[in-house]
Amino acid sequence: RIHRRALLGAPGGHCEGGMSGAHLSKDFFELIKNIGECKSKQEEEKIVRNEVAALRQRLSESPASIGLKKSKEAIVRVVYVEMLGHVADFGHIHAVNMTQQTNLLCKRVGYLACSLCLHPEHELITLLVNTIRRDLKSTNHLEVCAALIAVSKLVNPEIMPAVIECIVDLLDHQHEVVRKKAVMALHRLHIVQSGSLSALTDKLRRVLCDKDPAVMGASLHVLHMLIEEQPLAFKDLVPSFVSILKQITEHRLPSSFDYHRMPAPWIQIKLLKVLASLGAADQKSAEHMYEVLYDVLKRADTGINIGFAVVYECVRTVTAIYPNVQLMETAANHISRFVSSENHNLKYLGIKSLAGIVQVNQKYALEHQLVVVECMEDSDETLKRKTLDLLFKMTNANNVVFVVDKLVAHLRQTSDVHFRGALVDRITQLAERYAPDNAWFITTMNAVFELGGDVVQAETAHNLLRLIAEGGGEDEEADMELRLHAVTAYSALLNKSWIPDVLMKVVCWTLGEYGYLSPEYDLSDLVEMLCDAMDRQFEDGSTRCWVMAAVTKVVAQMAAVPDQAVEVATKYAGSESITLQQYCAEFLALAEAPAVMVEVLPVDASCDDLEVDPALGFLDGFVQEALRQGAQPYLAPGERPDELLV
Amino acid sequence: RPRHRAPVNSICLPEAGSAHPTRAMTIRFVLMVNKQGQTRLAQYMNMHNIEERCALESEVIRKCLSRNETQCSFFEFRGYKVVYRRYASLFFIVGVEGDDENELAILEFIHALVETLDRYFENVCELDIMFNLEKAHFVLDEMVMNGCIIETNKNNILAPIHLLDKASGM
């Protein structure tokens, strides 16, 4: 049966399978067996639903009556049903209670269930605090460990003060497994509330010198976090990190830390990341590192995956820190081997590291152009996307058109929302930075809005409109050309039966301001098109306001108010949207006063300063007339005699 | 130069993204899911809603199943980088945050996890994990904390668990 096939070992190899469940109570065994044997999702649902019902009963029985083993199993069963998608929150309080058992396994199971079923903001967390504190102070190091693990998953700012001191004390515990977990508990505290560790920097630096390699390894995670925040404060540790890395690669750790003959590879990798952070843009620090990095590259080159993983990380460090020419060449050689490998995982790492080294010097990518082009069209989506990444980093004014074409082609094809967001971001960045001319910029941004309207940022549209309004700032003629180009493109887009909301807004604003430039359509044509557009379906209700605003602006430039515009404004004057009501009401009022309309909506003046008289001087005549007629003068709140204090 | 006036219906600029300290927890989820899409073990760093988790699990296993042997063991998924490997009937799936992670190191971590389970359960199979769910979690909890790989030395990982087994007599 498929469940019994050994995970490691020759295909067809079986494990002892049949003995697996012998230690369980009969009904628990049956439950798991049934879950394993069910043939459909519906069958599984039925089994789990019955189990949830049975659990309600089971959990109401105390450990004293059914025995510790069955009580413990009940908690595991709560974990099971939630893992399979059914909420069993009636079980959560029992998990909390289970943590108070003295039997170690029960306690651990209680903590496990709490960490899987609860979360830091859960109301039951406060019930755990006393148990956690007690366990943190226990003389049994396994109880201490259980509590530390629970802290790292469930601690919140409220309970932090109750536990932080105990944990700091545990940094000096005699047992290395406790010290290791205490370091990571502090790591978590800093994540939950940054600044928690500000008084502990010295203590944490000392953990780096712990005689136990695993404890030292754990300290790297905390230190790296602090280094990222304040690199300068830790530059003095560079020699220490270098020395530790050297010792590890020279096999000076116990062999139990080896993985497939590679000494503590994940600790090596962490050290390499730390060095990358400290050596970036810092020649002095980087110079300390070059020798050990050579060493790491040489020794890790063993031809197996974990070796390649270390080589890859080392290459990344080399390209991140202040550069050394020979070391860079060595790194480039490794990258070549990755990129030309048949193995897709290695090729992937090759492309990734190429993207890193290319930022140091573009020449390294040029020699691999063919491979890069191949990867771009590879059927493996992962490889393709990484290559696009590389392309993005290699873009300059010369190849921007080619690269953006590729990115837009992918935007057209993919439906993956995250990928689309990333593509839109990148195309926008490249277009804004390297556009060869304004016309190309507008065409590209139109493609972005059309294809990626759902993921484009509002700021992007804003920038485009600003460009059209303000122009490039140098040449008035070029600016008008840009506007003409925009108007032509946008009036064509208005003929499409559907465009995304963000694009519609851009179209309306542009046509409202500069539609008069259109060689194809006169103003009455434009008004007709815009009025028709009022009746479209929009995802965002505010879009219709943009259309109405455009109608208003264009009508202001016409000799007479078209009937269709009045119809449309009247129709939407009763809209649920107050904003739209206002736009329509304004239009209808202005339509009655053409001279005012022209004054209020000047042409090509979107960038002009608005002069506003906050004293509303133009109303003085109106006010004087009203006072003369006997109206009460205005009294400020303090001046009013019979003020109702509400 | 005339001061720029924002267009009608001024668009609010989005807030600049700030680096969130949770970036330090690179591993975001560890899953063991079989070919039929049944979850055998699930741990998450930051996702608490059961429905969300189940939806993620079924989607990610579908994606793993759609890939073939020659393709990368990594793919992008909902903003995560997913590293996966199949061992007999079981897929081991790790979701990682951000682009800085060393995917091959994660792939080998998965292998180290399987090797450790294999040592503890003596020739581990899917059934062992099903019948000993809490033990499988304990092993993982010794190896990963806060989304960081903290222990891969098998002696160190299994010593506390063996002690636990002895002390509890269950």
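Quick notes
- Residue match in the range A:471-487 (condition: open to solvent by 50 Å² or more (accessible area, probe 1.4 Å), under 33 Å from the mean Cα position of the chain (by Cα) and without any contact (Cβ under 8 Å) to a residue 24 or more places away in the chain): no
- Residues in the range A:296-309 that are at the interface with another protein chain (Cβ under 10 Å from one of its Cβ atoms) and within 13 Å of A:Leu275 (Cβ to Cβ): there are none.
- Tallying residues that are closer than 18 Å to A:Val325 by Cβ and outside any helix (DSSP H, G or I) within the range A:337-361 yields 4.
- Applying the condition of being of a type in the set (Ser, Thr, Tyr) and more than 8 Å from chain A (Cβ to nearest Cβ) to the range B:80-131 and asking which residue is least open to solvent (accessible area, probe 1.4 Å) yields B:Thr116.
- Annotation: A:Ser497 fulfils all but one of (1) polar (S, T, N, Q); (2) part of a helix (DSSP H, G or I); (3) open to solvent by 40 Å² or more (accessible area, probe 1.4 Å); the unmet one is (2).
- Leading residue by the ranking (nearest to A:Leu467 (Cα to Cα)) among those in the range A:617-631 that are at pLDDT 90 or above and open to solvent by 80 Å² or more (accessible area, probe 1.4 Å): A:Asp620
- Residue check for A:Asp642: modelled with pLDDT under 90 and within 14 Å of chain B (Cβ to nearest Cβ): no
- Residue match in the range A:513-520 (condition: acidic (Asp, Glu), assigned to a loop (DSSP other than H, G, I, E, B) and open to solvent by 50 Å² or more (accessible area, probe 1.4 Å)): yes
- Candidates in the range A:1-37 are the residues that are at pLDDT 80 or above and of a type in the set (S, T, N, Q); of these, the one that is nearest to A:Val81 (Cα to Cα) is A:Asn34.
- The range A:572-581, residues that are open to solvent by less than 30 Å² (accessible area, probe 1.4 Å) and either assigned to a helix (DSSP H, G or I) or touching a strand residue (DSSP E or B) at 6+ places or on another chain (Cβ under 7 Å) (or both): A:Leu580
- Here B:Glu69 clears all of (1) of a type outside the set (A, V, I, L, M, F, W, C); (2) surrounded by 18 or more Cβ atoms within 10 Å (Cβ to Cβ); (3) assigned to a loop (DSSP other than H, G, I, E, B) except the condition numbered (2).
- Residue-level check: of (1) assigned to a helix (DSSP H, G or I); (2) within 14 Å of chain B (Cβ to nearest Cβ); (3) loosely packed, with under 15 Cβ neighbours inside 10 Å, A:Ser415 misses just (1).
- Some residue of the range A:343-350 being away from chain B (no Cβ under 14 Å), surrounded by fewer than 22 Cβ atoms within 10 Å (Cβ to Cβ) and either in contact (Cβ under 8 Å) with a residue 24 or more places away in the chain or not small (Gly, Ala, Ser) (or both): no
- Of all residues making up the range A:294-311, the number that are within 16 Å of B:Ile110 (Cα to Cα) and open to solvent by less than 10 Å² (accessible area, probe 1.4 Å): 4
- Residue selected from the range A:100-118 under the condition at pLDDT 95 or above and hydroxyl-bearing (Ser, Thr, Tyr), by the criterion surrounded by the fewest Cβ atoms within 10 Å (Cβ to Cβ): A:Ser115
- Complete set of residues in the range A:247-263 that are facing chain B (nearest Cβ under 9 Å) and either on the phi > 0 side of the Ramachandran plot or in contact with a Leu (Cβ under 9 Å, 6 or more places away or on another chain) (or both): A:His260
- Filter pass, A:Ser62 being out of contact with any Leu (no Cβ under 6 Å at 6 or more places or on another chain), open to solvent by less than 20 Å² (accessible area, probe 1.4 Å) and at pLDDT below 95: no
- Any chance A:Ser379 is outside any helix (DSSP H, G or I), under 19 Å from A:Leu349 (Cα atoms) and out of contact with any helix residue (DSSP H, G or I) (no Cβ under 6 Å at 6 or more places or on another chain): yes
- Residue, nearest to the chain's Cα centre (by Cα), within the range A:582-603, restricted to residues that are in contact (Cβ under 8 Å) with a residue 40 or more places away in the chain and open to solvent by less than 60 Å² (accessible area, probe 1.4 Å): A:Leu601
- Top-ranked residue in the range A:521-534 [being touching a residue at least 12 places away in the same chain (Cβ under 8 Å) and open to solvent by 10 Å² or more (accessible area, probe 1.4 Å); ranked as farthest from A:Arg483 (Cα to Cα)]: A:Glu528
- Summed over the range B:132-170, the residues that are closer than 25 Å to A:Leu253 by Cα, assigned to a helix (DSSP H, G or I) and more than 8 Å from chain A (Cβ to nearest Cβ) give a count of 8.
- In the range A:119-151, residue least open to solvent (accessible area, probe 1.4 Å) [restricted to those that are at the interface with another protein chain (Cβ under 10 Å from one of its Cβ atoms) and not in a helix (DSSP H, G or I)]: A:Pro120
- Exclusive hit being in contact with a Cys (Cβ under 7 Å, 6 or more places away or on another chain) and among the hydroxyl-bearing types (Ser, Thr, Tyr), set B:Tyr80, B:Tyr84, B:Tyr120, B:Tyr44: B:Tyr84
- Test for B:Glu57: is it under 30 Å from A:His3 (Cα atoms), open to solvent by 40 Å² or more (accessible area, probe 1.4 Å) and either at pLDDT 85 or above or more than 10 Å from every other protein chain (Cβ to nearest Cβ) (or both): no
The values are calculated or read from the model by the stated rules, or taken from the named source; none is laboratory data. Note that the structure is predicted; figures quoted are calculated from it, not measured. Don't worry about glycine lacking a Cβ; one is built from the backbone with ideal geometry, like all the others, and counts go over all protein chains shown. Surface areas here come from the heavy atoms of the whole protein model, side chains and all, with no ligands, DNA or RNA. Shrake-Rupley method; radii C 1.70, N 1.55, O 1.52, S 1.80 Å.
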